Amino acid sequence: CCSEATYNGSRVRPLRFVGGSPFDGKRFLKAMRAKRVVFVGDSLMRQTVTAMVCAIERTGTPPKRAVKPEKQPWDTTLPDDDQLDFSAEYDDDTRVERVSMRKSSTETLTAVLGYADVVILNIGAWYRRTQRQHYEQALVEAAEALKEFSAKPGKIGIIVDTFPMHFVTKRGSGDYFERTSYSQCTDVSPESYFGSGGDWRSRLIRRVAKRHGVPFMEITDIFLTRGDAHLELRPKFKALGKKNPKLDCNHWCQRSSLWAPFVARLQESLEAAATAAPKSETDP
């Protein structure tokens with residue numbers, strides 16, 4: 001998907017870099033030495049952990065091993081097929097991993113917080129506007145758990161903003177649940193996005209994170225203008241031979257230039273949280 005030269009027959013627009021400084025994989029691994037860094041969320045977080053592992057490798061440090069674990073690191077069975085489904089291992093026993101969790105689950109989050117040293121949480125894409133109250137309650141429970149987790153020496157927890165979508169909608173929100181076309185993705189202007197309340201998830205996350213003192217990482221400015229960089233046709237549907245591949249305007253191409261600002265900002269967010277966090281004996 002998305003070669004460096006072209007995408008869908010046209011050149012991908014240049015991406016304005018919005019991170020404060022370029023991502024430094026060696027510095028990241030040094031700061032996360034001997035820690036289990038776990039990304040928690042839906043398939044968008046699978047893309048995020050892929051972007052992070054690729055960014056680290058591009059700075060000269062490929063993982064010693066990158067696998068889907070054969071066994072789960074906890075004894076309990078998690079709900080809704082939630083599981084640790086990816087683990088990249090580096091020197092000094094540093095791990096970058098991903099736990100699937102489509103919607104917030106107390107059981108899953110409890111298991112992760114008992115296992116991880118660093119938790120990067122993203123939930124929201126699977127909640128409709130009509131589920132706003134339920135979503136806010138899920139965020140409050142997650143924020144309270146992350147706050148307690150981050151108070152422990154050497155532990156870091158942050159909440160990542162939800163990713164904007166680029167479906168054709170009447171109000172210009174780009175939201176999957178409000179889509180009116182199944183033929184193409186579209187650009188979404190900041191005016192229509194914010195004017196239609198398309199950022200309702202982001203506003204909830206920001207408010208809850210601030211109220212509970214949990215670091216919040218903004219990403220809307222990075223991805224809102226990138227309606228050109230979606231998968232559009234999901235590969236797994238095409239591979240299954242379906243006649244009408246599902247339009248995908250919420251997953252992204254794994255191009256380094258697209259994800260560079262994200263991984264740079266994530267590094268800054270983690271380093272800022274680590275500076276404020278209680279120290280453990282293994283911290284560098």
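Read-outs: derived from the displayed coordinates by stated rules, not from any lab. Because the structure is a prediction, the values reported are computed rather than measured. Please note: Cβ atoms are built from the backbone with ideal geometry, for glycine as well, and neighbour counts cover all protein chains shown.
Worth pointing out:
- Rh by Kirkwood over Cα pairs, then Stokes-Einstein D for the stretch 128-170 at 0.890 mPa s and 25 °C, µm²/s: 193
- q = 0.18, 0.27, 0.30 Å⁻¹: log10 I(q)/I(0) that the Debye formula gives for the stretch 102-145, counting C-alpha atoms only: -0.53, -1.03, -1.18
- Cα extents for the stretch 65-127 along the principal axes, largest to smallest and rounded to whole angstrom: 38, 24, 19.
- Neighbourhood charge, 13 Å Cβ-Cβ cut-off, centred on residue 134 and excluding it, Lys, Arg +1 and Asp, Glu -1: +3
- Electrostatic dipole magnitude of the stretch 126-235 [Cβ: Lys, Arg +1; Asp, Glu -1; Cα centre; debye, to 20]: 380
- Convex hull of Cα atoms in the stretch 109-193, direction-averaged projection (nm²): 7.0
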